Amino acid sequence: MAISGFGEIAERLRRSTVLVHAGSRGNGSGVIWTTDGIIVTNAHVARGSALRVQLWDGRELSAEIMKRDPRRDLALLHVNTEDLPAASPADSSQVRPGELAIAIGNPMGFVGALTTGVIHAIGPLPGLGAQSWVQANVRLAPGNSGGPLADAQGRVIGINTMVAGRLALAIPSNLVRQFSTGGASDGWLGVSVHPVRLPRRDGNRFGLVLLEVEPGSPAAQASLLPGDILLGAGDCAFASLEDLAAAIDGTGPRALRLEFLRGDYGRVRRVTVQLGATAGRGTIAA
């Protein structure tokens, strides 16, 4: 189906999309949210201390992290310039399956790459907690994270975040609006995880295996290692990714006691992780 003016729509969306340089952490994408320099991206993209943003016209600017919420995987950046081509957000509650979806980003070093598909569903996914996602069959690759998912008019309906199976998952634009105007959690653990099922006599046990532990993060300070499997926090066993996000949510200095496995499925270990502004070393106990 031909769309009148699609070339112009795509070009406007490209001009509202930026390349986010995070040093050794690699590159991602972002969306110009306001004309005075506010940019939305993923929290997992905005992880460096010296971020730079490349605009559509080739200019590179230093970017300051204004707000970062790992639970929602969103971050707000600010660049010191004005009159930027801000994107137009849509009402994501009005998005319906079958509608056209457009994704813009910078995958694998290809700046401003465009891909199209259709909306598959809107809502939560099993194993990913209660968070709602805009799910589309558009092709994403490393570097697309933080970029826009838009409708046929070029209005942003979500922020591309990850791929699950063959579907691209985007944070709905209405949640992005709430984040941009509200407060943020400082609940950062500094890990990448993947859900697993661990066999035991009374059935399978849910766990989150650590794929990556960021150097200097609260998890690293607490001596957690890739390959460790998180089982729960306090007296509550994890049943989804959302449970971990809820456990680390909050603001200010605080301690979080985690249960995990390392090497031996029969021996549960415990560690207290310091979260918030004074994050420091934790102590592992058998």
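The values are calculated or read from the model by the stated rules, or taken from the named source; none is laboratory data. All of these numbers come straight from a predicted model, not from anything done at the bench. Methodologically, a virtual Cβ is constructed for each residue, glycine included, from the backbone with ideal geometry; neighbour enumeration extends over all protein chains shown. Ligands, DNA and RNA are excluded from the accessible area calculation, which covers all protein heavy atoms including side chains. Shrake-Rupley method; radii C 1.70, N 1.55, O 1.52, S 1.80 Å.
Worth pointing out:
- With each label modelled as a point 7 angstrom along the Cα→C-beta vector, the ASP249-ALA164 pair spans 1.7 nm.
- Size of charge dipole - region 121-271 - debye, nearest 20, with Cβ of Lys, Arg +1 and Asp, Glu -1, no other charges: 300
- Note on exposure: ARG257, ARG197, ARG269, ARG52 ranked by accessible area (1.4 Å probe, complete protein assembly) read ARG197, ARG257, ARG52, ARG269, with the most exposed listed first.
- Approximating the spin labels as points 7 Å out from Cα along Cα→Cβ, the CYS236-to-ASN80 distance works out to 4.2 nm.
- Dipole of the chain, positive direction: furthest Cα of LEU128, ALA246, ALA222, with charges on the beta-carbon: ALA222
- Per-residue extension of 0.36 nm, minus the Cα-Cα distance of ALA130 and THR181, leaves a gain of 16.2 nm for this segment.
- Filtered GluC sites (Glu not before Pro), region 1-100: DSSP coil and at most 10 other beta carbons within 10 Å: GLU82
- At R0 = 30 Å, FRET efficiency that the Cβ-Cβ distance of GLU99 and THR272 yields, to 0.05: 0.05
- Cα centre as origin, Lys/Arg/Asp/Glu Cβ charges: the chain dipole, Debye: 800
- Given charges at Cβ of Lys, Arg, Asp, Glu: the chain dipole, positive-most of ILE3, LEU211, SER29: LEU211
- Potential lengthening between ARG262 and ILE3 on full extension [0.36 nm per residue; Cα-Cα distance subtracted]: 87.8 nm
- Helix 6-15 axis, angle to the chain major axis (alpha carbon atoms, nearest 10°): 50
- Backbone HN-Hα couplings from phi across region 69-80 [Karplus 6.51/-1.76/1.60, Hz, Gly and Pro as x]: 10, x, 4, 8, 6, 10, 8, 10, 10, 9, 10, 8
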